[in-house]
There are 2 protein chains.
Amino acid sequence: MNSVIERLRRTTDTVVGADDLRERLASGRQLRIKYGVDCTAPDLHLGHAVNLWMMRQLQDLGHRVVFLLGDLTTRVGDPTGRSETRPVLTPEQIEANAASFLEQVSLVLRTDPEVFEVRRNSEWYDAMSIAELLGLFAQVTQAQLMSRDMFRERVAAGREIAVHELVYPVLQAYDSFAMRSDLTIVGSDQLFNEQLGRVFQQRLGAPPQVVLTTTITPGIDGRAKQSKSLNNYIGLTDSPRDKFGKLMSIPDELVGPYAHVYTELPLADVAALSAATSGADGGGKGGGRAARDAKLRLAAAVVTRYHGAGVAKAELDNFRHTFTDHGEPADIPHIAYAADRATILDLLQAARPTESKSSLRRLLRQGAVTLNGQRLTDPTTPVSLTTPLTLKSGPRTWHRITSVRSSG
Amino acid sequence: MNSVIERLRRTTDTVVGADDLRERLASGRQLRIKYGVDCTAPDLHLGHAVNLWMMRQLQDLGHRVVFLLGDLTTRVGDPTGRSETRPVLTPEQIEANAASFLEQVSLVLRTDPEVFEVRRNSEWYDAMSIAELLGLFAQVTQAQLMSRDMFRERVAAGREIAVHELVYPVLQAYDSFAMRSDLTIVGSDQLFNEQLGRVFQQRLGAPPQVVLTTTITPGIDGRAKQSKSLNNYIGLTDSPRDKFGKLMSIPDELVGPYAHVYTELPLADVAALSAATSGADGGGKGGGRAARDAKLRLAAAVVTRYHGAGVAKAELDNFRHTFTDHGEPADIPHIAYAADRATILDLLQAARPTESKSSLRRLLRQGAVTLNGQRLTDPTTPVSLTTPLTLKSGPRTWHRITSVRSSG
């Protein structure tokens, strides 16, 4: 039992109800683990998977994950179009999203019925009267709900909170009672709602769920947390090659934290990887050989976890074959350019002919473009093509450019 | 039509939707007038009746009062016992209160089915799903609800607002849509909720109700508004004698305002009554003959309104017979006191033997006790009974006290 707690602790930030957790794991009973999701289109990434792997550890001990679709709230219309948090979905969209969710979740969780169960919160809310719902509301104060970080931030920013959004935490909390949750593993942004779940369970005479929140690491840009809109995440459905390549592109200082939460490498090995990547430059451009090897080890460990050791070995070999020790690919496509003078924007257009000028300018602005290793951000920068040039645009796209005029 | 508006205006404080009111009265259609009440035990007083008489005027023109029992919210349990506003009632209590309400209301309103209809808001809320309710919540922001005076005052006083209380205005507002309200006449404390009703009706594609709020006058103590707990009100079910007596006891400065809102005396007469009671002393003790006649006129007009001219005439005669021109009753009970020295508290105990010392001390503190016309407030004040004394305790209780020892 202590070894389970020890394993969970590796990626745990906060525990609410540590005594309850110990007691319940010792009880020998199959625990019900609440995994609540809304029904918007999912795109699970390594950050989400931290929680899933913890659930998987518990499944391997015989406990049951209850995958709870919050379909009720997804059906709530917002005629004003003011809701910021959740779009209104048709029943078909909800089902399609739920299917996609399950498919992605099954990359980590076991989905056999002994240890996995799918529920929808409409099951209990469709049967609940409005008087009963108001009775739940009576147990919470306005001030408690408004104390939630997300709401306070919105008020501070002068943005509105619709009343249905305000009361969602009450519904999410009651879910824990209705589905008899013993334990839930969530991001820290859900801590408030799930703690409220404990309160409801206790008031309604049920044992309160344990709440674990997980460690959050930044996305592959080293700054913001992983999100689809920032395109700085590693998706569970990314190909092994993409996972490998994205991990090779992270800033050095992320190697240790990533190895800690995204792999099961022994902690001593994690410490060694951290040491190898905490070198002098620290600027994220990836310096020495040791740092590169550390990233390779990380990338292989992550790919092993999702795709097995065989696939990881193949990707490791591919990467070593494709890129030189200096990090350039061994085989770079060649462009023959029809002039011997150009701007950097001209060259980008030649290299990425299907993309718009504005998206190329954005690439430049983001610092994603280098020419012979030098970062260029101004699209009008003049370039002389008297010698062959190496253009890198984005983390993994390389071109060798020579002028046809100068060479021919 | 303009004459209706003119008559309503006499007791109207605020009109929301004045154009709608004019248009709808001109339409010739039977209007639906929302009269929403909660289901707590009612004790209607002259203040409530101001609104009822306005509805009655509209009934006399053929419009329909819809008496709406807010039974849904009354059934909401509050397991924490924290709710300040509404106790939880059993269905039997709700029905008993509703019956009592109807009985009192019928003292003013017509209750024949052409112009009167009873509805319960559980009719629509029992049929509404929780998803639909959340859809209503989506149309209102937390900030809008919290802008309500009552909530702001509670926050300022450091008191909590339970979430069910917070959302009640949404339900009350939706009621207006569900029952197709054209018009509602409420106290100013309900203005926010009923304006929200307009918003809902418009959003849901219905014509918005007109909202009239009524003038509020203080209770018979001239200070706080009429309330059961302060016992400063004139109840609709009070006997004609009690109504008459209570009105004779009001401070002079209330005679004009009362005549304005509680009677249909011509406004010129109201002005004359105001003039007669705005004399020099103004202290509320009721001075001259003119002021007394003005009060008699007011009392007779109010009793006429509720009980008819015959009863009013009888009460007027009774009062004139019972009380001298100086305001003392013609026939005062006599007490023979067994000592010639006492405190004022001793005398009060002799006069009101069934009351506790603490309630007698309270009477003194409130300034409700005079001895030979002089107000006494300290219970230990020594009194000499060498001559007969006139003790007045409370607005209409008189005793003549003589010492048996001194006289015998």
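The values are calculated or read from the model by the stated rules, or taken from the named source; none is laboratory data. None of these values were measured; they are calculated from a predicted model. Reconstructed Cβ throughout: ideal geometry from the backbone, glycine too, with neighbour counts over all protein chains shown. Only protein heavy atoms, including side chains, enter the accessible area calculation; ligands, DNA and RNA are left aside. Shrake-Rupley method; radii C 1.70, N 1.55, O 1.52, S 1.80 Å.
Probing with 1.4 Å while keeping every protein chain in the model, the per residue accessible area of region B:2-214 equals 40 Å². Averaged over the residues of peptide B:138-147, the number of Cβ atoms from other protein chains lying within 10 Å of each residue's Cβ is 6.
Note on A:Glu95 and A:Arg110: the extension gain reaches 3.4 nm, defined as 0.36 nm multiplied by sequence separation minus the Cα-Cα distance.
Heavy atoms of the protein chains alone define the surface here; on that basis region A:334-407 has 55 Å² accessible area per residue at 1.4 Å probe size. With 0.36 nm allotted per residue and the present C-alpha distance subtracted, the A:Ala275-A:Leu61 stretch has 73.6 nm of extension available. Ranking A:Ser359, A:Ser278, B:Ser356 by solvent-accessible area of protein heavy atoms (1.4 Å probe, all protein chains present), from largest to smallest, gives A:Ser278, B:Ser356, A:Ser359.
Between copies, the label points of A:Asp378, set 7 Å from Cα on the Cα→Cβ line, lie 9.4 nm apart, reported in increasing order to one decimal in nanometres.
For A:Ile216, inter-copy separations between label points set 7 Å beyond Cα along the Cβ vector come to 4.6 nm, shortest first.
Indicate the gyration tensor shape class of chain B (rounded, prolate or oblate), computed on the Cα atoms with a ≥ b ≥ c the square roots of the eigenvalues: a/c under 1.5 is rounded; otherwise a/b larger than b/c is prolate and the rest oblate. Prolate is the answer for chain B, as a/c is 1.5 or above and a/b outweighs b/c.
Remark: accessible area buried at the B-A interface is about 2800 Å², both chains counted, probe radius 1.4 Å. Using a probe radius of 1.4 angstrom, the carbon and sulfur fraction of the accessible surface of the protein assembly as shown is 51%.
Restriction of the trypsin sites (Lys or Arg not before Pro) in region A:167-263 to DSSP coil positions whose beta-carbon has at most 12 other beta-carbons within 10 angstrom yields A:Arg223, A:Lys228. Treating each Cα of region A:26-184 as one equal point scatterer and applying the Debye formula with no solvent, the log10 of I(q)/I(0) at q = 0.08, 0.11, 0.17, 0.18 Å⁻¹ comes out as -0.27, -0.51, -1.16, -1.26. Averaging the sequence gap over all C-alpha pairs within less than 8 Å and six or more residues apart, then dividing by the number of residues, gives chain B a relative contact order of 13 percent.
Judged by the ratio a/c of the largest to the smallest principal axis of the C-alpha gyration tensor, region B:107-201 counts as oblate, that ratio being 1.5 or greater while a/b is no larger than b/c. Comparing B:Gly288, B:Gly62, B:Gly205 in a Gaussian network model of chain B where C-alpha atoms under 10 Å apart are linked, the largest mean-square fluctuation is found at B:Gly205.
If R0 equals 51 Å, the separation of the Cβ atoms of A:Thr386 and A:Asn2 corresponds to a calculated FRET efficiency of about 0.15.
With the simple spin-label model, which puts each label point 7 Å out from Cα in the Cβ direction, the A:His321 to B:Ser227 separation comes to 8.6 nm. The other copies place their B:Glu355 label points at 9.1 nm from this one, listed shortest first, where each point is 7 Å from Cα along Cα→Cβ.
Averaged over peptide B:151-160, the number of partner chain Cβ atoms lying within 10 Å of each residue's Cβ comes to 1. Counting Lys and Arg as +1 and Asp and Glu as -1 over every other residue whose Cβ lies under 15 Å from the Cβ of B:Pro207, the net charge comes to +3.
Just to be sure I understand: with springs between alpha-carbon atoms less than 10 Å apart, which residue in A:Leu254, A:Leu109, A:Leu230 has the highest mean-square fluctuation in the Gaussian network model of chain A? Greatest mean-square fluctuation among the candidates belongs to A:Leu230. Over every Cα atom in region B:334-407, the radius of gyration and the widest Cα-Cα span, Dmax, amount to 11.1, 32 Å. Based on alpha-carbon centroids, what's the gap between region A:124-144 and region A:151-171 in Å, whole number please? Cα centroid of region A:124-144 versus Cα centroid of region A:151-171: 17 Å apart. Rounded to the nearest 10 degrees, what's the angle between the helix B:163-178 long axis and the longest principal axis of chain B, both from Cα atoms, 0 to 90? Rounded to the nearest ten degrees, it is 70. Shape class of the protein assembly as shown from the alpha-carbon gyration tensor: prolate, with a/c at 1.5 or above and a/b greater than b/c. When both region B:191-219 and region B:367-408 are represented by their alpha-carbon centers, they are found 53 Å apart. Length, then width, then depth: along the principal axes, the Cα atoms of region A:240-322 run 34, 28, 16 Å.
Largest GNM mean-square fluctuation among A:Pro218, A:Pro266, A:Pro353, using chain A with Cα springs under 10 Å: A:Pro353. Can you give the mean number of other chain Cβ atoms that lie within 10 Å of the Cβ atoms in peptide B:124-133? Rounded to a whole number, the mean comes out at 6.
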